[in-house]
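S.K.: My questions will all concern the structure given below.
The values are calculated or read from the model by the stated rules, or taken from the named source; none is laboratory data. Values in this document were obtained by computation on a predicted structure and should not be read as measured data. Using ideal geometry, Cβ is built from the backbone for each residue, glycine included, and neighbour counts are taken over all protein chains shown.
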Amino acid sequence: MERPPLILCVSVSEGNTALVARAMAEVLRADVREPEDVDPHTLSERPLVGFGSGIFRGSHHARLRKYVERLPHVRGTRAFVYTTSGMGRSQSLPWQRSLESVLRDRGFEVVGSFSCRGFDTWLPLRIVGGLNKGHPDAEDLARAGEFAERIAEELPAR
Ligand SMILES: Cc1cc2nc3c(=O)[nH]c(=O)nc-3n(C[C@H](O)[C@H](O)[C@H](O)COP(=O)(O)O)c2cc1C
């Protein structure tokens with residue numbers, strides 16, 4: 001039997017990215033794991049792998065970047081990237097593109113990218129109660145689910 005999709009998630013600040021990962025996992029019937037818990041050599045056994053974290057000082061979390069940079073080469077395994085960040089969708093695009101590019105270099109077929117705002121408690125913002133309180137909210141999570149549905153349509157039937 002084929003293994004289910006896998007969503008790798010580093011969510012260390014407020015649990016924002018984990019909420020998004022869970023919303024997608026429900027639709028995709030995917031496993032959600034921290035990258036360090038998954039042997040990178042097993043990724044090609046999955047029909048789809050998601051890679052996501054919050055944005056920290058202008059990039060995905062160092063743990064995720066380190067994991068991705070050490071991935072072995074695969075042959076066309078489907079992948080997607082996702083993030084939550086203080087700045088939200090438009091601003092996180094370059095960081096998403098850069099992660100996509102590393103994955104393509106490793107042989108993944110990147111099939112999509114998702115971003116939304118997340119409650120941001122970076123120190124200077126904490127003083128004013130943080131930014132984007134309540135995000136990801138129900139609407140953000142519904143969008144995450146719709147994104148997962150679009151990707152699921154392209155997966156082989158299980
Ligand atoms: C130390 C720190 C640095 C951050 N740097 C950025 C940043 O450069 N750009 C941005 O848009 N958001 C930034 N954020 C906001 C996080 O990306 C946001 O809160 C994200 O949703 C955290 O995800 P998590 O709760 O899943 O870890 C920062 C947050 C912290 C705590």
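S.K.: Tell me, please, whether a residue that is more than 15 Å from the ligand (Cβ to nearest atom), within 18 Å of P156 (Cβ to Cβ) and touching a residue at least 12 places away in the same chain (Cβ under 8 Å) can be found in region 64-72.
M.R.: Let us first name the residues in region 64-72 that are more than 15 Å from the ligand (Cβ to nearest atom), namely 66-72.
So of that shortlist, the ones also within 18 Å of P156 (Cβ to Cβ) come out as none.
No: region 64-72 contains no residue that is more than 15 Å from the ligand (Cβ to nearest atom), within 18 Å of P156 (Cβ to Cβ) and touching a residue at least 12 places away in the same chain (Cβ under 8 Å).
Conditions (1) surrounded by fewer than 20 Cβ atoms within 10 Å (Cβ to Cβ); (2) of a type in the set (A, V, I, L, M); (3) over 13 Å from the mean Cα position of the chain (by Cα), marked per residue:
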{"residue": "I7", "(1), (2), (3)": "no, yes, no"}
{"residue": "S11", "(1), (2), (3)": "no, no, no"}
{"residue": "D37", "(1), (2), (3)": "yes, no, yes"}
{"residue": "H73", "(1), (2), (3)": "yes, no, yes"}
{"residue": "S85", "(1), (2), (3)": "no, no, no"}
{"residue": "R97", "(1), (2), (3)": "yes, no, no"}
{"residue": "L103", "(1), (2), (3)": "no, yes, no"}
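S.K.: Go through region 5-20 and report how many residues are free of Cβ contacts under 8 Å to residues at least 60 places away in the same chain and either in contact with a Cys (Cβ under 8 Å, 6 or more places away or on another chain) or more than 11 Å from G52 (Cα to Cα) (or both).
M.R.: Summing the residues that are free of Cβ contacts under 8 Å to residues at least 60 places away in the same chain and either in contact with a Cys (Cβ under 8 Å, 6 or more places away or on another chain) or more than 11 Å from G52 (Cα to Cα) (or both) in region 5-20 gives 4.
S.K.: So which residues in region 131-158 are touching a strand residue (DSSP E or B) at 6+ places or on another chain (Cβ under 8 Å), free of Cβ contacts under 8 Å to residues at least 60 places away in the same chain and surrounded by fewer than 16 Cβ atoms within 10 Å (Cβ to Cβ), if there are any at all? If you could, list the steps in order and put the result at the bottom.
M.R.: Taking region 131-158 and keeping what is touching a strand residue (DSSP E or B) at 6+ places or on another chain (Cβ under 8 Å), we get 131-132, 135-136, 140, 143-144, 147, 150-151, 154-155.
With the extra rule that they be free of Cβ contacts under 8 Å to residues at least 60 places away in the same chain, the set shrinks to 131-132, 143, 150.
Passing the criteria: only R150.
S.K.: Then there is this: Quick one: how many residues across region 29-58 are assigned to a loop (DSSP other than H, G, I, E, B) and within 16 Å of the ligand (Cβ to nearest atom)? Step through it out loud before you land on a result.
M.R.: Taking region 29-58 as the starting set, the residues that turn out to be assigned to a loop (DSSP other than H, G, I, E, B) are 29-30, 34, 38-39, 46-47, 56-58.
Next cut, within 16 Å of the ligand (Cβ to nearest atom) only: 34, 56-58.
Number of matching residues: 4.
S.K.: V12 fails exactly one of the following numbered conditions: (1) in a loop (DSSP other than H, G, I, E, B); (2) of a type in the set (A, V, I, L, M, F, W, C); (3) more than 16 Å from the ligand (Cβ to nearest atom). What is the number of that condition?
M.R.: (3)
S.K.: Okay, next question. Just to verify a result, which residue in region 80-106, among those that are in a strand (DSSP E or B) and more than 8 Å from the ligand (Cβ to nearest atom), is farthest from L19 (Cα to Cα)? Lay out the reasoning, then the answer.
M.R.: First, the residues of region 80-106 that are in a strand (DSSP E or B): 80-85.
Within this subset, residues satisfying the condition of being more than 8 Å from the ligand (Cβ to nearest atom) are 80-82.
Numbers: F80: 16, V81: 15, Y82: 12 Å.
Step by step, filter region 80-106, then rank; the result is F80.
S.K.: Please give the number of the condition T17 fails out of (1) at pLDDT 95 or above; (2) touching a strand residue (DSSP E or B) at 6+ places or on another chain (Cβ under 9 Å); (3) within 22 Å of A144 (Cα to Cα); (4) surrounded by fewer than 23 Cβ atoms within 10 Å (Cβ to Cβ).
M.R.: All conditions are met except number (4).
S.K.: Exactly one condition in (1) free of Cβ contacts under 8 Å to residues at least 60 places away in the same chain; (2) within 16 Å of the ligand (Cβ to nearest atom); (3) polar (S, T, N, Q) is not met by T77; state its number.
M.R.: Unmet for T77, out of (1) free of Cβ contacts under 8 Å to residues at least 60 places away in the same chain; (2) within 16 Å of the ligand (Cβ to nearest atom); (3) polar (S, T, N, Q): (2).
Residue by residue, here is whether (1) closer than 20 Å to H60 by Cβ; (2) within 16 Å of the ligand (Cβ to nearest atom); (3) touching a Leu at 6+ places or on another chain (Cβ under 8 Å) holds:
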site: G112; (1), (2), (3): yes, no, no
site: L123; (1), (2), (3): yes, yes, no
site: I127; (1), (2), (3): no, yes, no
site: G145; (1), (2), (3): no, no, no
site: A152; (1), (2), (3): no, no, yes
site: L155; (1), (2), (3): no, no, yes
